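Every read-out reported here was derived from the displayed coordinates using simple, explicitly stated rules and does not represent laboratory data. Fair warning: this is a prediction, and the values are worked out from it, not measured in the lab. When we count neighbours, we look across all protein chains shown, and the Cβ atoms used for this are built from the backbone with ideal geometry, even at glycine.
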Amino acid sequence: MPITDKGLATRNKIIDTACDLFISQGYHATSTRSIAQAVGMATGAMYNHFQGKDEIFIEVLNKYHPWREIPFAIRKAKGSNPEEFTKDAARILSQIWQKKKNLIKLHLIELIEFQGTHLPPIFKEVFAESELELEKNLSKQPMQEHLSRTAFSQAMLGLFFGLMMTSEFMGVELPNDFSQLGFQYFSDIYLQGYIKDISKKGSSNNIEKK
């Protein structure tokens, strides 16, 4: 039976509420009952929308995993050459990350409670979206012959994940400028070799393009 608009709105409310609870309380401390109470509905009624807490968490992860922000950053980034484009994408992601740091907790819950079994489909989807956005973006700019879509998308995913994990769990207080510009610093280190390499080659004939 198709989901009605009201049913979809209720599902989204459950997902959004559960996301806040998983982040603030952790997975084990968040029960199906506590989610229902926070939403303002009977626990039994929530089973009309989800089979249980595991399914709710999977939907939360699918909607709010931090990787989901990468295609948006690629779509909005601008630059007249690969380095400018990369730095602008890094700037956009850094701004997003500063506002949504707590979402990394969803990734950790997934690793601990589910051994990361739900991450490959998300990665595959985000990777495909990133490549698509990159293709659309670069077709409007004078640099499309100098950038491998596959390499750039994969690098951005790895770069963003590296920043998320180290900035939150290094156990040290980072300098203020690094906290604000960390992703741009990471882009200089992580992608500079790639940028230099393609600048030397300077032609799509020498770089695999997907």
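The calculated FRET efficiency for PHE161 paired with ALA9, based on their beta-carbon distance and R0 = 41 Å, is about 0.80.
Cβ crowding within 10 Å, taken as a proxy for footprinting-reagent exposure, orders SER24, SER139 from fewest neighbours to most as SER139, SER24.
In sequence order, segment 107-122 has phi-based couplings of 5, 5, 4, 4, 5, 7, 8, 10, 6, x, 5, 9, 7, x, x, 5 Hz under the Karplus curve 6.51 cos²θ - 1.76 cosθ + 1.60, θ = phi - 60°, and Gly or Pro positions carry x.
Multiplying the residue separation of GLU125 and ASN62 by 0.36 nm and removing their Cα-Cα distance gives an extension gain of 21.7 nm. Ranking of ARG149, ARG33, ARG91 by neighbouring Cβ atoms within 10 Å, starting from the fewest: ARG33, ARG91, ARG149. Available extension along the chain between SER24 and GLN98 is 24.9 nm, counting 0.36 nm per residue and deducting the alpha carbon span. Placing a label point 7 Å from the Cα of ALA38 along the Cα-to-Cβ line, the residues of segment 88-121 whose backbone N sits under 15 Å from it are 102-107, 109. Count Lys and Arg as plus one, Asp and Glu as minus one, and take only other residues whose Cβ is under 12 Å from that of SER34; the net charge is then +1.
Neighbour counts of C-beta atoms inside 10 Å place SER148, SER31 in the sequence SER31, SER148, starting with the fewest. Cut-off 15 Å, label point 7 angstrom out along Cα-to-Cβ of ASN48: give me the residues of segment 2-20 whose amide nitrogen falls inside. Within reach of a label on ASN48, which here means backbone N under 15 Å from a point 7 Å along Cα→Cβ, segment 2-20 contributes 2-14.
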